[in-house]
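Here's the structure, in structure tokens; my notes come after.
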Amino acid sequence: MVRILGVLVGLGFVGVAAWSLLWGVIAFSQEGLPHTVEHDFHHEARDIAFSFDGPFGRYDNQQLQRGFQVYREVCAACHGLGLVAFRNLQGIGYSEAEVRAIAAQWPIQVPSVNPDTGEPATRPAIPADRFPQPYANEVAARAANNNALPPDLSLITKARHGGAPYIASLLTGYQDPPAELPAENRPGTGLHYNPYFANLNIAMPPPITADGQVTYAPGNLPATRQQMAEDVSAFLAWAAEPNLGARRDMGIVVLIFLAVATMLAYLAYQNVWASAKRAVRITGALDPENIAKREAASREAGVEG
């Protein structure tokens, strides 16, 4: 009885869930998504190709170094990179001496303690240090940015839908609001119109304002606004996933191993069972042994036929 009640209760829950799902699908098909101004004016990230796209993509160290230069000269004043250490820069082609010099010359020093007095102090960074935050705390960050909190950029390409193409589109997407934009959706004090941002108005001023804002080393691509945006986006993609190349290389090795192992297993199966004969045993009502037993039982019981 308890089991029957349990089954009935379970069927009741399933029925209610199915009815709710069906009703929701019908309502969505009739009404669709709610209409908003943001939905009308928002733009999806542009289709920007990067060298690390696809299963066989790899980072371009030259582009990553240009992107790091853009981050250092444009972004680092407001945005931290708290999950990346200076020594990680060796992964994009910098030598140990270059990394040591970059850390020592970083304009923001690392919080420390004076060994003589025990008072808070700062010191130049070393390769083992992570990139220091530009502000002491969240209150100081908001006070310096019109109450907006600049996000840490360590995982920004993973945290934002669209990844690196979204970051590049956002950096170059600042523009005047269109004339048909309603007054209540126009940027207020301290805000800037950017159709690639979720609610159209972003507190961050345009960080890349002109071609040549960052001076690239001779032999590099021209430092256009678009190129600088793509370069820093590629660098931030590397910051979020520095082992992408090694992970993909390992994946290829694993796939090759599985393919070879599968082939060897099949050949072994064929070799072991090639000469084995499979005996098919007749079972059921037509089994001769069962027929004989059935006839003997019938004779013993005096049943004819």
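Tell me, please, whether a residue that is of a type in the set (A, V, I, L, M, F, W, C), part of a helix (DSSP H, G or I), open to solvent by 40 Å² or more (accessible area, probe 1.4 Å) and at pLDDT 95 or above can be found in region 174-189. Don't jump to the end; show me each part of the working.
Taking region 174-189 first, the residues of a type in the set (A, V, I, L, M, F, W, C) are 179, 181, 183.
Those left that are additionally part of a helix (DSSP H, G or I): 183.
Next cut, open to solvent by 40 Å² or more (accessible area, probe 1.4 Å) only: 183.
When the remaining residues are screened for being at pLDDT 95 or above, the result is none.
No, that holds for no residue.
Search region 139-156 for residues being touching a Phe, Trp or Tyr at 6+ places or on another chain (Cβ under 8 Å) and outside any loop (DSSP other than H, G, I, E, B), and hand back the single one that is most open to solvent (accessible area, probe 1.4 Å).
ALA144
Inside region 198-221, can you point out the residues that are touching a Gly at 6+ places or on another chain (Cβ under 8 Å) and part of a loop (DSSP other than H, G, I, E, B)? Show your work before the answer.
Keep residues of region 198-221 that are touching a Gly at 6+ places or on another chain (Cβ under 8 Å), which gives 201, 203.
Answer for region 198-221, where residues must be touching a Gly at 6+ places or on another chain (Cβ under 8 Å) and part of a loop (DSSP other than H, G, I, E, B): just ALA203.
Considering (1) at negative phi; (2) modelled with pLDDT of 95 or more; (3) open to solvent by less than 40 Å² (accessible area, probe 1.4 Å), say which one GLY163 fails and leave the rest.
(1)
For region 86-95, give me each residue that is open to solvent by 40 Å² or more (accessible area, probe 1.4 Å) and free of Cβ contacts under 8 Å to residues at least 24 places away in the same chain. So that I can check it myself, show each step before the final result.
Keep residues of region 86-95 that are open to solvent by 40 Å² or more (accessible area, probe 1.4 Å), which gives 87-88, 90-91, 93, 95.
If the condition is that a residue be open to solvent by 40 Å² or more (accessible area, probe 1.4 Å) and free of Cβ contacts under 8 Å to residues at least 24 places away in the same chain, then GLN90, SER95 are the ones that fit.
What's the number of the only condition in (1) part of a loop (DSSP other than H, G, I, E, B); (2) of a type in the set (A, V, I, L, M, F, W, C); (3) in contact with an Asp or Glu (Cβ under 8 Å, 6 or more places away or on another chain); (4) open to solvent by less than 80 Å² (accessible area, probe 1.4 Å) that LEU83 fails to meet?
So the condition that LEU83 fails would be (4).
Taking the conditions exactly as written (of a type in the set (A, V, I, L, M, F, W, C) and at pLDDT 95 or above), does LEU221 satisfy them or not? Give the derivation first.
Working: of a type in the set (A, V, I, L, M, F, W, C): yes; at pLDDT 95 or above: no.
No; evaluated as a whole, the condition is false for this residue.
Mind listing whichever residues of region 96-107 are open to solvent by 50 Å² or more (accessible area, probe 1.4 Å) and either outside any helix (DSSP H, G or I) or small (Gly, Ala, Ser) (or both)?
As a first pass, look at region 96-107 and keep what is open to solvent by 50 Å² or more (accessible area, probe 1.4 Å): 96-98, 100, 104-105, 107.
Passing the criteria: ALA97, ALA104, GLN105, PRO107.
On the given criteria, is ALA179 in contact (Cβ under 8 Å) with a residue 60 or more places away in the chain and either closer than 22 Å to GLN62 by Cβ or not acidic (Asp, Glu) (or both)?
Here the answer is no, as ALA179 does not meet what is asked.
The values are calculated or read from the model by the stated rules, or taken from the named source; none is laboratory data. In this text, all values refer to a predicted model and were calculated from it rather than measured experimentally. When we count neighbours, we look across all protein chains shown, and the Cβ atoms used for this are built from the backbone with ideal geometry, even at glycine. Heads up: the accessible areas ignore ligands, DNA and RNA and are worked out on the full protein's heavy atoms, side chains in. Shrake-Rupley method; radii C 1.70, N 1.55, O 1.52, S 1.80 Å.
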